[in-house]
Amino acid sequence: MNNNDLGIIISGLREKDVEFIENESLSLYTSIKIGGDCDVIIFPRDEHDLLFVIDLLRNNSKDYVIIGRGTNTLFKNRFINVPIISFKKGFSHIQEINSSEKKNVNLVSSTHLRIGSGVTLSQVLNYAIKNCLSGCEFFFGIPGTIGGAIKMNAGSKENVIGNIVENVDIITKDGVKLNIEKKDLKFSYRNFGVDVDNENYFITGATLSLVGSDRPNILKNIKIFKKRKSSQPLGRHSLGCIFKNPSDISAGKIIEEIGFKGFSSGNASISDKHANFIINKGGACAEDVLELIESIQKTVLLRKGITLSTEIKMI
Ligand SMILES: Cc1cc2nc3c(=O)[nH]c(=O)nc-3n(C[C@H](O)[C@H](O)[C@H](O)COP(=O)(O)OP(=O)(O)OC[C@H]3O[C@@H](n4cnc5c(N)ncnc54)[C@H](O)[C@@H]3O)c2cc1C
């Protein structure tokens, strides 16, 4: 993006009162606290803002990067000169539809929630607990947004978000609004796809299907995931699991078996609690993380004959 394009974008955003920050460090927008500066990060609040931003970018920048809460995204330590579109400050609605029968727990009634893509999974889980809705207990301990979770088909061994999604709202790179039904959504292991011309579409919301339940039962289900999460370094700066699990064995176990637990590069280290997590111990850069990823991949291939592919997105 040249200075002229950037200038036009900035004055357009100012004129329409769309929130943005110039020359911002992306380390503030990812859970691992790593990333270089960007020209501009834009925070559309709703569809109206987003459609305006799309139009502005279509005529002036062409390219952009989308982020939710940055809990699965590693930004390199270089300047990013395309606009970053963040869902951190908008698309925050949760709206219940057809809830008439849910209070009678003897009837298995489904309740649909229309949720904005900026809502975090923990906000959805809290809403479900408060309103006695079951089906998303596996959201416990997954820190991203609904948009990011759909793009990554986030979840656990037991369940993934793709199983409870009814439809997804999308706005394409060209500003076309679509509501795509379950049958046309392609969810696979940590992956999501829809048939639109360009991959760089915006997820603006989704409808999830939950069922009425009683609160003690929901809290009991959550306990299972809470226990699982106790083996992960949740309070540390990380991106969750770095590698996808090969079909029948966990990547963490493989990394542990080759003796990499606790291994460091610069200020990044492989967690000694869970070997599929890389931790920023303070001041780590993307190169430290990438060096660890490469060493693990090389050693696992050499010693185990297994190719580990990354789950995280690298930009
Ligand atoms: C401590 C920790 C524990 C974790 N545990 C789990 C776990 O148990 N299971 C699991 O599956 N994951 C886990 N994760 C990974 C991560 O939380 C999930 O993948 C999460 O759903 C990503 O959401 P996000 O908003 O942070 O996405 P981001 O990292 O911001 O983005 C991820 C991808 O989605 C795209 N994207 C984000 N929002 C949108 C949007 N609105 N429209 C279009 N594209 C979008 C981005 O461009 C990017 O390609 C964990 C991460 C951490 C840090």
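Any idea how many residues of segment 80-92 are farther than 21 Å from Leu290 by Cβ and of a type in the set (Val, Ile, Thr)?
1
Within segment 46-58, count every residue that is away from the ligand (no atom under 16 Å from the Cβ), crowded, with 17+ Cβ neighbours inside 10 Å and under 22 Å from Asn179 (Cα atoms).
Final tally of qualifying residues: 1.
Residue-by-condition table, conditions (1) farther than 30 Å from Asp288 by Cβ; (2) surrounded by 18 or more Cβ atoms within 10 Å (Cβ to Cβ); (3) not assigned by TED's automatic domain parsing to the domain that holds Thr310:
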{"position": "Tyr29", "(1), (2), (3)": "no, yes, yes"}
{"position": "Pro44", "(1), (2), (3)": "yes, yes, yes"}
{"position": "Tyr64", "(1), (2), (3)": "no, yes, yes"}
{"position": "Arg78", "(1), (2), (3)": "no, no, yes"}
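Mind listing whichever residues of segment 83-123 are surrounded by fewer than 20 Cβ atoms within 10 Å (Cβ to Cβ), outside any strand (DSSP E or B) and at pLDDT 95 or above?
Selection gives Lys88, Lys89, Ser92, His93, Ser122, Gln123.
Counting residues that are surrounded by 16 or more Cβ atoms within 10 Å (Cβ to Cβ), within 17 Å of the chain's Cα centre (by Cα) and not assigned by TED's automatic domain parsing to the domain that holds Arg45, which strands (runs of 3 or more DSSP E) fully inside segment 172-225 reach at least 2?
Here the list reads 202-212.
Of all residues in segment 59-76, which are farther than 16 Å from Ile10 by Cβ and either within 14 Å of the ligand (Cβ to nearest atom) or not in a loop (DSSP other than H, G, I, E, B) (or both)? Break it down into steps so the answer makes sense when it comes.
Taking segment 59-76 and keeping what is farther than 16 Å from Ile10 by Cβ, we get 62-63, 65-76.
Correct list: Asp63, Val65, Ile66, Ile67, Gly68, Arg69, Gly70, Thr71, Asn72, Thr73, Leu74, Phe75.
Going by the structure shown, is Asn163 away from the ligand (no atom under 14 Å from the Cβ), more than 30 Å from Ala286 (Cβ to Cβ), modelled with pLDDT of 95 or more and not small (Gly, Ala, Ser)?
Values: away from the ligand (no atom under 14 Å from the Cβ): no; more than 30 Å from Ala286 (Cβ to Cβ): yes; modelled with pLDDT of 95 or more: yes; not small (Gly, Ala, Ser): yes.
Criteria not met by Asn163.
The values are calculated or read from the model by the stated rules, or taken from the named source; none is laboratory data. Since this is a predicted model, take the numbers as computed values, not measurements. All Cβ positions, glycine included, derive from the backbone under ideal geometry; neighbour counts span all protein chains shown.
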